[in-house]
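Enquirer: Take this structure first; my questions come after.
The values are calculated or read from the model by the stated rules, or taken from the named source; none is laboratory data. Because the structure is a prediction, the values reported are computed rather than measured. Here the Cβ positions follow ideal geometry from the backbone for every residue, glycine too, while neighbour counts run over all protein chains shown. All accessible areas refer to the heavy atoms of the entire protein, side chains included, with ligands and DNA or RNA removed. Shrake-Rupley method; radii C 1.70, N 1.55, O 1.52, S 1.80 Å.
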Amino acid sequence: MTIQVLVAAMNQSDHSILEKLNIKTDAIIGNQCNKNSIEDLEWQGNKIKYLNFNERGVGLNRNNTLMRATADICLFADDDMVYCDNYEQTVCQAFESHPDADVILFNLEENHPGRYIIRHEERVGYFNYLRYGTARMAVRRKSIHESGILFHLCFGGGTKHSHGEDNIFLADCLKKGLKVYALPMYIAKLTEDRESTWNNGYGKKFLVDQGCLYKAISRKWWRLLCLQDAVRHHSVYKRGWMNAYMLMTRGRE
């Protein structure tokens, strides 16, 4: 079983990101910068491809690497994380013990935990997939390619709608009938050494984008998705669930 890390990065001027992320397998670096070039090299016995493109948008960046992936299993990485030394063995073991899995989600270590922590194995479906992001995801490449699944180009950092490309990706996996699992195993640690390129808090822009996200996921149920979100997170949004809901439903515009 082969493993390949697909990295979404920006403004990389050298190859230091390979050491920074502790890459120990083959990898494709999607580097959005101010030039266009493709470079192939070898790093500690692994095949590395650098895609330097003068364009913006995290979905486009991830698609560039995903379309060129060749390994059995692909991991999606950001440039602010460090992989565990044994991540290759952990991922291989997870897929070997779950031969029916098309997507497996793992834990990420944080100094100040803010993400959902997987404490026991669970099957991921329509009622819990929204809690997972791309950087904790490993996919069976053949399943993704044959299902024609790609990242949405209008959501995520560098696009009109500042977040949600990972949620739409997982929703598409479920719609295509792929099997998704979450396992209580750690594969990387977030370094938290840079500010988010999109998250400026839960203001008006965030809530309107959230409504747009739900409509992209389901044109039939998007208002219900907005409602449950506004009610469940009213204390986080700090504007009352009704006001949050009204802003989200502007996503139809």
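Enquirer: Using a simple charge model, +1 on the beta-carbon of Lys and Arg, -1 on the beta-carbon of Asp and Glu, nothing else, what dipole does the chain show about its Cα centre, in debye to the nearest 20?
Expert: Dipole size: approximately 1460 debye.
Enquirer: If you don't mind, another one. Kirkwood Rh, the range 37-90, all Cα pairs: how many Å?
Expert: The answer is 13.1 Å.
Enquirer: Which FRET efficiency value, to the nearest 0.05, is calculated for Lys160 and Ser97 with the Förster distance at 45 angstrom and r the Cβ-Cβ distance?
Expert: Given R0 = 45 Å and the Cβ-Cβ separation, E is 0.65.
Enquirer: May I pose another question? Nearest 0.05, what FRET efficiency do Tyr202 and Arg123 give at R0 = 22 Å with Cβ-Cβ as r?
Expert: The value I calculate is 0.15.
Enquirer: Let me ask something additional. Once you treat every alpha carbon in the range 1-97 as an equal point and sum by Debye, what is log10 I(q)/I(0) at q = 0.23, 0.25 Å⁻¹?
Expert: For the requested q values the scattering log ratios are -1.24, -1.44.
Enquirer: If you take the beta carbon distance between Ser235 and Lys47 as r and set R0 to 35 Å, what does 1/(1 + (r/R0)^6) give as a FRET efficiency, to the nearest 0.05?
Expert: My answer for the efficiency is 0.15.
Enquirer: In whole Hz, what ³J(HN,Hα) sequence does the range 157-174 give by Karplus (6.51, -1.76, 1.60; θ = phi - 60°), x for Gly and Pro?
Expert: My calculation for the range 157-174 gives x, x, 10, 4, 9, 6, 7, x, 4, 5, 5, 5, 4, 5, 4, 5, 4, 5 Hz in order.
Enquirer: When Lys and Arg each count +1 and Asp and Glu each count -1, what net charge do the other residues less than 11 Å away from Ile217, Cβ to Cβ, add up to?
Expert: Result for the local shell: +3.
Enquirer: State the extension gain, in nm to one decimal, for the chain segment bounded by Met242 and Cys33, taking 0.36 nm per residue of separation less the distance between their alpha-carbons.
Expert: 71.1 nm
Enquirer: So if I take the alpha carbon set of the chain, get Rg, then get Rh from the Kirkwood formula, what is the Rg over Rh ratio?
Expert: In the chain, Rg relative to Rh is 0.96.
Enquirer: Binning at 10 Å from 0, report for the range 87-151 what percent of all alpha-carbon pair distances ends up in each bin.
Expert: 16, 51, 29, 3
Enquirer: Could you tell me what percent of the DSSP beta bridges with both partners in the range 9-142 are antiparallel, to the nearest 5?
Expert: 60 percent
Enquirer: With the full set of protein chains in place, find how many percent of the accessible area of the range 1-114 is carbon and sulfur; take the probe as 1.4 Å.
Expert: Result for the range 1-114: 43 percent of the exposed heavy-atom area is carbon or sulfur.
Enquirer: Would you mind calculating the gained length between Leu224 and Asn54 on full extension (0.36 nm times residue separation, minus the Cα-Cα distance), in nm to one decimal?
Expert: Roughly 57.3 nm would be gained on extension.
Enquirer: Tilt of helix 204-217 relative to the longest C-alpha principal axis of the chain, in degrees (0 to 90, nearest 10)?
Expert: Helix 204-217 sits roughly 70 degrees off the main axis of the chain.
Enquirer: Kindly provide the Kirkwood hydrodynamic radius of the range 139-242 in Å, to one decimal, from all pairs of distinct alpha carbon atoms.
Expert: Result for the range 139-242 stands at 15.7 Å.
Enquirer: Under the Kirkwood approximation for Rh and a Cα-based Rg, what ratio Rg/Rh is obtained for the range 102-187?
Expert: 0.96
Enquirer: If you stretched the chain out fully between Glu192 and Arg250, how much longer would it get, using 0.36 nm times the residue separation minus the C-alpha to C-alpha distance?
Expert: Extra length available between Glu192 and Arg250 comes to 17.7 nm.
Enquirer: How far is helix 58-68 tilted off the main Cα axis of the chain, in degrees rounded to 10, range 0 to 90?
Expert: 40 degrees
Enquirer: Then there is this: Quick one: helix 87-97 against the long Cα principal axis of the chain, what's the angle to the nearest 10°, folded into 0 to 90?
Expert: Taking Cα atoms only, the helix is inclined about 70 degrees.
Enquirer: What is the local net charge at Gly59, summed over the other residues whose Cβ is closer than 15 Å to its Cβ (Lys, Arg +1; Asp, Glu -1)?
Expert: Around Gly59, the charge tally is -3.
Enquirer: With a cut-off of at most 14 other beta carbons within 10 Å, and DSSP calling the residue loop, which trypsin sites (Lys or Arg not before Pro) in the range 1-109 qualify? Please list them.
Expert: Sparse-neighbourhood loop trypsin sites (Lys or Arg not before Pro): Lys35, Arg56.
Enquirer: Turning to a different aspect of this structure: Over the chain, with the other protein chains present, what is the accessible area per residue in square angstrom, probe 1.4 angstrom?
Expert: The answer is 49 Å² per residue.
Enquirer: With unit charges on the beta carbon (Lys/Arg positive, Asp/Glu negative), name the residue among Asn54, Leu225, Tyr126 whose Cα is farthest towards the positive pole of the charge dipole of the chain.
Expert: Ranked along the dipole, the leading option is Leu225.
Enquirer: Can you compute the helix-only [θ] at 222 nm over the chain? Use -39500 (n - 2.57) per DSSP H run of at least 4 residues, normalise by all residues, nearest 500 deg cm²/dmol.
Expert: -9000 deg cm²/dmol
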